[in-house]
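Shown next, in structure tokens, is the structure this report addresses.
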Amino acid sequence: MAATAILTANPRYGAIAILIGAFAGVLVVWARRILADGHVEAAVALMAFAGTGVVLASAAITPAGPLTVAILLIPVAAAFPYLGARSLRRLMLLGWGGSIVTAAATLLFDPSASLGLVWGAAVVSGIVLLLLYQSSERLKASSREFGRLFSLSSDLAESTDPGVLGDLVARHLAEATGMDDCLIYALSTDTGRLTPFGSHPAGRSLSSQPESLWERPVLGQVIRDRSRRIFEVAGGQGDAAERARLEGLGRKVMVLLPLVAHSDPVGVAELTSTQRGSIDERRLALAGSLAFEAAMAIENGRLYQELHQRALHDPLTGLANRGLFFDRVGHAIARLGRVPGPFLAVLFIDLDNFKTVNDTLGHARGDRLLVLVAERLLTAVRAIDTVARLGGDEFAVLLEDLRTEDEALLVAERAANLLRAPFDLAGESANVGASIGVAVRGDDSTGTDTLLAEADAAMYEAKRAGKGRVVASRPAVLTT
């Protein structure tokens, strides 16, 4: 443009060249600095407004009619994906107004031009800008939805705690749909009840009670039909009980979404809002996608709990397994070092006639006997104590916070008495009894392996003494 101005000696071209040079300077210095600070929207807005200004100024210097109008829309269109709604509206008004002014300026320099040029520029540029705005908003909405799904997936990947997963899903559902509250219910396959799994705000699930499908049949319909249900207090339609419940919560709208994983219902998401008409079809579609993520979170939470249970508990009796028991003994000894005073004890228990029962009555009844033994041992101890099955017919008990050493012997004797009573095995009576070894400690001077070895040795001493006895690792024997 500068070369053209020099060759033609046309001052208009020179002025346009100066405008373009100033625009380039803005890009290189100012816009580049803003981009370096990470303010992308501000940099794009600066370039778009500056570019529009250059086109408008050029049109004032050398009117070019429709060509200038078309060029004027280029910086506006380029800025659409990056600007916020407020900046975008300002730029659209500037571009539309500039198109009209440019077309009007053409009338001054071109006598053959008509007023229709101005109307045409106003209508065409307005339609183009409106279509661009609508397309931009749809793209931004899709981007936000994708971002919401990606954010939820990322958050779920970072946690395996079912309680945390439930609250995460509830928060994402509420924020994505614009609703005030979200409560996630997990369906229990055993009881058929819906238990609070998570909520937004987070504390709501703690104050919510499990729901029965008999008490709230609408929840059963959502699960059975795998379809969403929407209730409005003012609408007067739908289940009257649900609308009354909604009104009691101080909400005006409620959406119930089924949570389905691997074609099986796993729960329900309950979304509520104080605003009427607060959710549209687009948000409902996004909520459906997030509901699938919620269902998978519930299913993964269940699997995690099952794996955790299996890893630390005996699958037959549900008692702690060997690994968990040894770990708890180690922690109990460590606590004695920090808080001296109370005693702890380990009881090793071996059934005396289990092999006979297993051989004569069969393995099924033998397994049933082990389950009944576990139940009786649990009744002999406190809630803070640990009962474990070490394997086969061997059990163990960890007693903590004992006031005296003799308390351990009393508990062991109580357990021995309980195990002497006959067991009913599907109509067959079985007598087994047990030999019990006891090891007691009041400090952390002894390691886990030593303490367990002492209890094990005491148990074998009870066997040698005639079975059905309680023997302490220190020379102390209780017989009956």
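The values are calculated or read from the model by the stated rules, or taken from the named source; none is laboratory data. In this text the structure is predicted, and so the values were computed from the model without any measurement. Reconstructed Cβ throughout: ideal geometry from the backbone, glycine too, with neighbour counts over all protein chains shown. Accessible surface areas use protein heavy atoms only, side chains included; no ligands, DNA or RNA. Shrake-Rupley method; radii C 1.70, N 1.55, O 1.52, S 1.80 Å.
Structure notes:
- Residue count for region 397-412, restricted to those that are β-branched (Val, Ile, Thr), in contact (Cβ under 8 Å) with a residue 60 or more places away in the chain and surrounded by 21 or more Cβ atoms within 10 Å (Cβ to Cβ): 1.
- Single residue of region 168-186 satisfying the filter (in contact (Cβ under 8 Å) with a residue 40 or more places away in the chain and part of a helix (DSSP H, G or I)) that is farthest from the chain's Cα centre (by Cα): Thr177
- In region 452-480, the residues that are touching an Asp or Glu at 6+ places or on another chain (Cβ under 9 Å), at pLDDT below 90 and open to solvent by 50 Å² or more (accessible area, probe 1.4 Å): Lys467, Arg474, Val477, Leu478, Thr480
- Residue in region 381-392 that is closer than 26 Å to Arg464 by Cα, hydrophobic (A, V, I, L, M, F, W, C) and either open to solvent by 40 Å² or more (accessible area, probe 1.4 Å) or at pLDDT below 90 (or both) present: no
- Residue list for region 413-451, filter: assigned to a helix (DSSP H, G or I), touching a residue at least 12 places away in the same chain (Cβ under 8 Å), polar (S, T, N, Q) and open to solvent by 40 Å² or more (accessible area, probe 1.4 Å): Asn417
- Residues that are open to solvent by less than 30 Å² (accessible area, probe 1.4 Å) and part of a helix (DSSP H, G or I) within region 359-370 comprise Gly366, Leu369, Leu370, listed in sequence order.
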